[in-house]
Amino acid sequence: MSRVLSIVTGANRGFGSSICQEFVKFSPNKEQHLDFILFARSADSLKNTKESIKTLSKVANVIEEYGVEMSDIPQVEKTFKDCLDKIEWNKYSKICLVNNHGTLYNLDKIDTFTDFQHIQKNNDINITSFVTISSLFLRKVKALPNFKDLEVTMVNITSLAAIKPFESWGLYCSSKAFREMFSNVIAEENKSSPNFKVLNYSPGPLDTDMQKEVRETCSSEETRQFYLELKKNNNLVAPGDSARALAKLVFTYEFTTGQHIDYYDIKEK
């Protein structure tokens, strides 16, 4: 029986870990094998995600796990190339890459920026590594002899911040905007392949450590208060709920390539 392969970056905690778990739970064919390749800053940090996957299903398995510093682009390139070369592609009928990794780094207003070297590092994590992984993956799968017989999805975990400016989120908003437009160009360049789709998925304001960082460090009082109120009123989104909605999109394949879909547009009532 053919298998499903999911490659997930930033898979060690929060939304990335939830994505893996909900992919296993949602799989419409409970007998079909689901293989995962996981990326995080440290391979050791993937232990909990790996154990969760194994607990949820006997036919779900983490076949590879990689620790890579996404700001080290030569390391990202080498590690991801090695990863792609090791995959037995002829096993799979459905392949999904989820680019979930990223960092907030600086939540100060733009006229206060001083540490420009760290801004470059931030951009390598949020932008250059994303470009590297996406390009290498695209080149590999399109060269497969059976490419036209595969169902391939590239998911960019985006944000409302990609299409709307937020005070003191200059770096985060701009990096998310870059990733979304880059993904849209990929969709445009491959629109003649109906078996290949790109999805920009905005998961909503998630109740994760990243959201906690926003509430504690954001220099914009207006933005900080907005998220404090969301937390206070229990209006943050549970990672599992949003990941479940993403899993449904990926497995049903019912979206238009290049589409920006927000959790609030599709969440179950």
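The values are calculated or read from the model by the stated rules, or taken from the named source; none is laboratory data. Just so we're clear, the structure is a prediction, and the values are computed from it rather than from any experiment. FYI the Cβ positions are ideal-geometry reconstructions off the backbone, even for glycines, and counts take in every protein chain you see.
Scanning region 194-214 for residues that are of a type outside the set (A, V, I, L, M) and crowded, with 16+ Cβ neighbours inside 10 Å yields a total of 11. All told, Ile119 falls short of being surrounded by 14 or more Cβ atoms within 10 Å (Cβ to Cβ), aliphatic (A, V, I, L, M) and under 18 Å from the mean Cα position of the chain (by Cα). The set of residues in region 158-171 that are farther than 17 Å from Phe15 by Cα, of a type outside the set (Val, Ile, Thr) and not in a helix (DSSP H, G or I) comprises Lys164, Pro165, Phe166, Glu167, Ser168, Trp169. Being of a type outside the set (Val, Ile, Thr) and in contact with a strand residue (DSSP E or B) (Cβ under 8 Å, 6 or more places away or on another chain) is not true of Lys81. Among the candidates Tyr253, Tyr264, Tyr227, which residue alone is closer than 20 Å to Val8 by Cα and hydroxyl-bearing (Ser, Thr, Tyr)? Tyr253 is the lone residue from the list that is closer than 20 Å to Val8 by Cα and hydroxyl-bearing (Ser, Thr, Tyr).
Can you name the helices (runs of 4 or more DSSP H) wholly within region 172-258 that have at least 2 residues being closer than 23 Å to His101 by Cα and in contact with a strand residue (DSSP E or B) (Cβ under 6 Å, 6 or more places away or on another chain)?
Where helices (runs of 4 or more DSSP H) fall fully within region 172-258 and carry at least 2 residues being closer than 23 Å to His101 by Cα and in contact with a strand residue (DSSP E or B) (Cβ under 6 Å, 6 or more places away or on another chain), they are 239-252.
Results for (1) surrounded by 16 or more Cβ atoms within 10 Å (Cβ to Cβ); (2) out of contact with any Cys (no Cβ under 9 Å at 6 or more places or on another chain); (3) farther than 22 Å from Thr153 by Cβ, shown as yes or no for each residue.
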{"position": "Phe26", "(1), (2), (3)": "yes, yes, no"}
{"position": "His33", "(1), (2), (3)": "yes, yes, no"}
{"position": "Ala40", "(1), (2), (3)": "yes, yes, no"}
{"position": "Asn48", "(1), (2), (3)": "no, yes, yes"}
{"position": "Asp82", "(1), (2), (3)": "no, yes, yes"}
{"position": "Lys86", "(1), (2), (3)": "no, yes, no"}
{"position": "Asn123", "(1), (2), (3)": "yes, yes, yes"}
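Within the bounds of region 146-153, is there any residue that is β-branched (Val, Ile, Thr), in a helix (DSSP H, G or I) and at pLDDT 95 or above?
no
Does region 70-78 contain at least one residue that is modelled with pLDDT of 95 or more, hydroxyl-bearing (Ser, Thr, Tyr) and either at negative phi or exposed (fewer than 15 other Cβ atoms within 10 Å of the Cβ) (or both)? Yes, because at least one residue in region 70-78 is modelled with pLDDT of 95 or more, hydroxyl-bearing (Ser, Thr, Tyr) and either at negative phi or exposed (fewer than 15 other Cβ atoms within 10 Å of the Cβ) (or both). In a residue-by-residue description of region 132-145, the property of being assigned to a loop (DSSP other than H, G, I, E, B), under 19 Å from the mean Cα position of the chain (by Cα) and buried (at least 17 other Cβ atoms within 10 Å of the Cβ) applies to no position.
The criterion of at least 2 residues that are of a type outside the set (A, V, I, L, M) and touching a residue at least 60 places away in the same chain (Cβ under 8 Å) is met by the following strands (runs of 3 or more DSSP E) wholly inside region 1-104: 3-9, 92-99.
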